[in-house]
């Protein structure tokens, strides 16, 4: 009887350990690609892997040598300027990603007119979009 009780207890612990991770949502990824010389950008979100998100953003951008940034389970933004300066950053909120991307744009070069052109979440939401050039 003792062995049966111990066996049931071990089975219960095993089932909890196996089922708890399955109940959590899968990670999602987003990526932004920016081609500085043409001032062209694109994004991908709701991807299953980092690699898939980056590949889709590069494909949509049309420039395999574009700069990329990515995020997992968060927000990602791209800021650009008329001088083709850029900055990209991720954060837990859209507001913070937008602010950090503008800060990055200012940090890279003299970009007095830095502005956010895209802010997306890895789960498929879009906060900010302006038309790509």
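The values are calculated or read from the model by the stated rules, or taken from the named source; none is laboratory data. Just so we're clear, the structure is a prediction, and the values are computed from it rather than from any experiment. Glycine also receives a Cβ, built like all others from the backbone with ideal geometry; neighbour counts cover every protein chain displayed.
So how many residues does the range 34-56 have that are within 11 Å of the chain's Cα centre (by Cα) and either more than 13 Å from residue 124 (Cα to Cα) or assigned to a helix (DSSP H, G or I) (or both)?
Looking only at that region, the number is 4.
Would you please list the contacts, defined by Cβ atoms under 6 Å and residues six or more apart or on different chains, that run from a residue in the range 42-54 that is in contact (Cβ under 8 Å) with a residue 60 or more places away in the chain to a residue that is outside any helix (DSSP H, G or I) and surrounded by fewer than 16 Cβ atoms within 10 Å (Cβ to Cβ)?
Every condition considered, the pairs that remain are 45/124; 46/124.
Does the range 71-86 contain at least one residue that is over 10 Å from the mean Cα position of the chain (by Cα), crowded, with 22+ Cβ neighbours inside 10 Å, in a helix (DSSP H, G or I) and modelled with pLDDT of 95 or more?
Let us first name the residues in the range 71-86 that are over 10 Å from the mean Cα position of the chain (by Cα), namely 78-86.
Now drop any that are not crowded, with 22+ Cβ neighbours inside 10 Å, which leaves 78-80, 86.
Next, from what is left, pick out any that are in a helix (DSSP H, G or I): none.
Among the residues of the range 71-86, not one is over 10 Å from the mean Cα position of the chain (by Cα), crowded, with 22+ Cβ neighbours inside 10 Å, in a helix (DSSP H, G or I) and modelled with pLDDT of 95 or more, which makes the answer no.
Which of the residues that make up the range 89-131 are assigned to a loop (DSSP other than H, G, I, E, B) and surrounded by fewer than 18 Cβ atoms within 10 Å (Cβ to Cβ)?
Step one: list which residues in the range 89-131 are assigned to a loop (DSSP other than H, G, I, E, B), which gives 92-93, 109-114, 122-125, 130-131.
92, 93, 109, 110, 112, 113, 123, 124, 125, 130, 131, listed by residue number.
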